[in-house]
1. Given bins 5 angstrom wide, list per bin the percent of all Cα-Cα distances in the stretch 143-255, short to long.
2. Tell me which residues come under 5 Å, amide H to amide H, from Val146 once H is placed; ignore anything under 5 positions away on its chain.
3. Summing -39500 (n - 2.57) over the DSSP H runs of n ≥ 4 in the chain and dividing by its residue number, what mean residue ellipticity at 222 nm do you reach, to the nearest 500 deg cm²/dmol?
4. Counting only the backbone N, which residues of the stretch 207-239 are under 11 Å from the spot 7 Å out from the Cα of Arg253 toward its beta-carbon?
5. In a GNM of the chain with a 10 Å cut-off on Cα contacts, which of Pro167, Pro99, Pro54 has the highest mean-square fluctuation?
6. Can you work out the FRET efficiency for the pair Arg183 and Gln20, with r the C-beta to C-beta distance and R0 = 35 Å, to the nearest 0.05?
7. In terms of the Cα gyration tensor, with a ≥ b ≥ c the square roots of its eigenvalues, is the stretch 1-110 rounded because a/c is under 1.5, prolate because a/b exceeds b/c, or oblate?
8. At 25 °C and a viscosity of 0.890 mPa s, what translational diffusion coefficient does Stokes-Einstein give for the chain, taking Rh as the Kirkwood radius over Cα pairs? Give it in µm²/s as a whole number.
Amino acid sequence: MDGHEGWDDYAPYYDWENAQTVGRRDIAFWQRMASAVDGPVLELGCGTGRVALPVARQGVTVVGIDRSAPMLDRARTRVKRARLQSRIHLVRGDIRHLPFPNRSFPLVMAPYGILQSLLVERDLTRTLAAVTRVLTRKGTFGLELVADLPAWDEYSRRVSMRGKLGPSGKPVTLFESVTQDRRRHITRFDQEFVEGRGKDAVHRQFNLAFRTLTVPQMVRRLETAGLEVSALLGDYQGGPWDLRAEVWIILARRG
Ligand SMILES: C[S@@+](CC[C@H](N)C(=O)[O-])C[C@H]1O[C@@H](n2cnc3c(N)ncnc32)[C@H](O)[C@@H]1O
């Protein structure tokens, strides 16, 4: 399995589920990061625009790259509705091969665990090399790793969420199984969304997988890619990271 898989099927549920999990708790952090630089900001794995829209509302130009067409379709609809077409540019592409000229961005953002979608070392190496290449001199790379994935309990077909979806208010239930491959540092979610009830219910099944390196391991990868780590943050207000921190944010600079 490749880490980009699963997102096309997840797209109709992503905003619904995330409103109940990550919500907006990282948004002000990325807004502050983006407002501090002069020039366009690149977001890796922009998805449905959860981060890109509020950042662009601050007056910043955002380029969002994502591999999933259904995720980008949702982002496009939101961008249009918010009349932010002049400030948000959505690109369908893979973060392992960034299709931008050298030294284009003073800030590259990798929010909400996007680097954890890279399931093998070679993909992470390629992506970090691509990020280093597109950063301006002294540009900053900011990334968040979703800290709780390696500690997630394993379980089988549990109802992990229930609610109503979209304007029609259709009932939706998420049945989820979680497995941990400790040797490869991979957490795998097998998800089945059931929309509606009884015999008319629609079932959609897909998998998502994430590879989680520790903060010190990721620091070494960044340094190997030629970046200089400037801060390790353990919360969204800029507090320092330590081993007990629930938030893992790394800021690195092109030396
Ligand atoms: C966790 S979501 C993050 C979306 C958004 N940044 C947010 O914070 O809500 C991850 C996104 O990364 C995209 N993605 C995963 N692997 C990718 C890859 N190799 N290249 C480009 N996009 C990728 C998925 O399609 C998905 O939209």
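1. Values per bin, smallest distances first: 2, 10, 16, 15, 13, 13, 11, 9, 7, 3, 1, 0.
2. Residues meeting the criterion, in which the H sits 1.01 Å from N, are Gly113.
3. -7500 deg cm²/dmol
4. Inside the label zone: 228-231.
5. Maximum fluctuation in the GNM of the chain, among the listed residues, is at Pro167.
6. 0.65
7. The shape class here is oblate.
8. So the translational diffusion coefficient is about 130 µm²/s.
Just so you know, all these numbers are worked out from the coordinates, no wet-lab data involved. Since this is a predicted model, take the numbers as computed values, not measurements. Note that each Cβ is placed from the backbone with ideal geometry, even for glycine, and that neighbours are counted across all protein chains shown.
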